[in-house]
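Shown next, in structure tokens, is the structure this report addresses.
The values are calculated or read from the model by the stated rules, or taken from the named source; none is laboratory data. In this text, all values refer to a predicted model and were calculated from it rather than measured experimentally. Glycine also receives a Cβ, built like all others from the backbone with ideal geometry; neighbour counts cover every protein chain displayed. Keep in mind that these areas ignore ligands, DNA and RNA; they rest on the heavy atoms of the full protein, side chains included. Shrake-Rupley method; radii C 1.70, N 1.55, O 1.52, S 1.80 Å.
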Amino acid sequence: MTKTTIVLIRQDLRLHDHPALYHASKEGLVIPLYIHDESMSPPGEARKWWLHRNLEQYEKSLEAIGGCLLFDEGKLEEVLPKWVKKTEAAAVYWNRLYAPDIFERDKKLAEELAADGIEVKTFEGTLLLPPWKITKADGSPYKVYTSYYKALRKVEVPKPVPTVKSLSAPEIADNEMQLEDFRLLPQIRWYKIMEKVWDPGEKAAIKRMKRFSKQVQDYDEGRDYPAAGIHSTLSPYLAIGAVSVRSLFHHFTEKIEKQTEPFIKQLIWRDFSYSVLMHFPQSPEEPLHEKFKAFQWEENASHWKSWIKGRTGYPIVDAGMRELWATGFMHNRVRMIAASFLTKHLLIPWQKGADWFMDTLIDADTANNSMGWQWVAGSGFDSSPYFRIFNPTLQSEKFDGEGEYIRMWVPELKDIPSKYIHSPSTAPADVLEESGVKLGVDYPYPVVDHKAARQRALDRFEEIK
Ligand code: FAD
């Protein structure tokens with residue numbers, strides 16, 4: 001009798017380097033099954049839209065090679081065993097996910113299925129290497145990125161498995177659930193701009209990878225300039241698994257004869273974030289440095305509103321927050337500036353900012369996001385020290401000199417001369433008038449004064465030092 005294997009589809013919506021799908025496809029009939037389970041780490045609103053669009057594409061990709069993506073919803077540990085029974089599958093394969101609660105749940109589920117005589121195999125399909133592979137000699141986790149990076153670079157990253165080109169699927173009766181039933185698309189079409197900016201699916205991801213291959217030699221110098229567009233914009237595809245990080249690693253280290261290591265370093269930050277998350281599961285909620293538990297944060301609803309709406313009066317922060325709202329993405333340098341402004345100028349807890357990002361980013365990723373926020377806030381391992389407080393105006397002058405990025409996202413400032421675009425409140429009255437800007441009407445005055453806010457943050461830090 002031909003073996004039937006259920007392959008759980010999760011954050012791996014691709015045919016290339018999909019170990020679970022590849023191995024199952026070599027062994028017999030395959031049932032790719034997506035179970036929508038919001039009981040653990042439910043996706044944010046922007047991510048739901050992205051998930052829907054990518055699942056649509058993936059369904060088509062599987063059909064094109066003879067497969068059929070099945071949908072169901074509910075708790076994985078309750079729904080999957082029903083499918084095993086219903087389809088008389090002999091095996092269940094999946095690529096491992098590394099959110100600690102999900103990982104533990106999956107482990108338990110694997111044991112239960114195995115106890116029922118089902119063959120369970122799990123594979124690496126999310127990271128370059130599993131989080132337990134790169135540890136110090138005594139088995140303890142690295143807390144410093146550079147050491148992690150050096151250790152990982154000494155280890156061979158496995159080659160991607162071949163792309164799945166055909167599937168044999170069994171006939172399944174009663175497959176009544178459709179993607180639309182998950183209601184991932186919001187009722188109000190606030191995602192109109194996102195539809196224009198992002199092409200979902202594996203093909204679009206590969207296209208971006210190829211486009212970036214032509215720019216990668218400029219990445220080291222150009223990556224900090226938000227208007228330059230010299231970064232890969234692959235994070236949304238990595239987050240959903242439309243592209244495999246191992247494929248990216250091998251593509252850029254072997255096929256591209258240019259300086260690619262600065263880019264590889266960023267991919268390894270992603271592995272490092274997961275290692276921190278797996279070893280310190282509290283990191284999305286709690287500061288990794290104990291002393292930050294006593295930090296006195298502020299709750300100021302009007303400051304919060306100004307930040308999320310992109311109306312703080314600091315144009316670079318506002319441009320970033322508006323880019324995020326419109327596109328579900330924000331440039332890395334601007335993420336750092338906006339996050340620093342929230343946690344240090346406004347003293348609003350980083351966890352609140354992190355939650356907002358998780359809800360609005362299409363690349364929302366618990367490991368990278370909590371790493372990013374703890375790094376900026378100064379409470380994480382290997383972080384930027386708390387006393388190093390970004391001056392948003394200087395950052396803006398340095399990384400968006402002509403204000404190209406600001407003009408794109410804060411159009412009410414588009415006619416202000418570059419000299420004043422980083423800090424419109426310092427522009428003389430006639431300049432503002434000629435530029436058609438009425439401060440306090442068209443564009444806000446700064447919600448806090450930089451110098452005073454900086455001092456307040458430093459004083460607050462003194463209390464826990
Ligand atoms: P590139 O510069 O082209 O880098 C290539 C890839 O390397 C990225 O796609 C990403 O997978 C990885 N990478 C790059 N920088 C980092 C980093 N600092 N940490 C970990 N991995 C990195 N990234 C997310 O994927 N999801 C998040 O939710 C997220 N939240 C963040 C929150 C804050 C406050 C900060 C400061 C950073 C956050 N990042 C997050 C990291 C980083 O900003 C994005 O990965 C990057 O901007 C994505 O753009 P790109 O694909 O063009 O990156």
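For the range 301-348, which residues satisfy the criterion of being more than 12 Å from the ligand (Cβ to nearest atom), farther than 15 Å from LEU413 by Cβ, of a type outside the set (S, T, N, Q) and part of a helix (DSSP H, G or I)?
Of everything in the range 301-348, those that are more than 12 Å from the ligand (Cβ to nearest atom), farther than 15 Å from LEU413 by Cβ, of a type outside the set (S, T, N, Q) and part of a helix (DSSP H, G or I) turn out to be ALA301, HIS303, TRP304, LYS305, TRP307, ILE308, LYS309, TRP325, ALA326, LYS344, HIS345.
Across the range 403-435, which residue is nearest to GLY313 (Cα to Cα) among those that are in contact (Cβ under 8 Å) with a residue 24 or more places away in the chain and in a loop (DSSP other than H, G, I, E, B)?
Only one residue tops the list, namely SER423.
Would you mention how many residues in the range 185-194 are free of Cβ contacts under 8 Å to residues at least 40 places away in the same chain and closer than 25 Å to GLY229 by Cβ?
Total meeting the criteria: 2.
What residue, among those in the range 400-416 that are open to solvent by 20 Å² or more (accessible area, probe 1.4 Å) and in contact with a helix residue (DSSP H, G or I) (Cβ under 8 Å, 6 or more places away or on another chain), is farthest from the ligand (Cβ to nearest atom)?
ASP415
If I ask for residues that are in a loop (DSSP other than H, G, I, E, B) and farther than 27 Å from SER384 by Cα, which ones from the range 436-465 would you list?
Matches in the range 436-465: GLY436, VAL437, LYS438, GLY440, VAL441, ASP442, PRO444, TYR445.
Could you check the range 208-246 and list, in sequence order, the residues that are more than 12 Å from the ligand (Cβ to nearest atom) and of a type in the set (Lys, Arg)?
LYS210, LYS214, ARG246
Tell me whether the range 160-176 contains one or more residues that are open to solvent by less than 60 Å² (accessible area, probe 1.4 Å), of a type in the set (Asp, Glu) and assigned to a loop (DSSP other than H, G, I, E, B).
Checked the range 160-176: no residue is open to solvent by less than 60 Å² (accessible area, probe 1.4 Å), of a type in the set (Asp, Glu) and assigned to a loop (DSSP other than H, G, I, E, B).
Looking at PRO43, PRO19, which is the one that is at pLDDT 95 or above and either open to solvent by less than 50 Å² (accessible area, probe 1.4 Å) or closer than 23 Å to ALA205 by Cβ (or both)?
One residue alone meets the criteria, PRO19.
Which is away from the ligand (no atom under 13 Å from the Cβ), touching a residue at least 24 places away in the same chain (Cβ under 8 Å) and in a helix (DSSP H, G or I), of PHE249, PHE263, PHE292?
PHE292
Yes or no: the range 25-33 includes at least one residue that is open to solvent by 20 Å² or more (accessible area, probe 1.4 Å), assigned to a helix (DSSP H, G or I) and within 29 Å of SER283 (Cα to Cα).
Looking for residues that are open to solvent by 20 Å² or more (accessible area, probe 1.4 Å), assigned to a helix (DSSP H, G or I) and within 29 Å of SER283 (Cα to Cα), one finds none in the range 25-33, hence no.
Looking for whichever is without any contact (Cβ under 8 Å) to a residue 40 or more places away in the chain and open to solvent by 30 Å² or more (accessible area, probe 1.4 Å) here; the options are GLU59, GLU111. Which one fits?
Result: GLU111 is the single residue among GLU59, GLU111 that is without any contact (Cβ under 8 Å) to a residue 40 or more places away in the chain and open to solvent by 30 Å² or more (accessible area, probe 1.4 Å).
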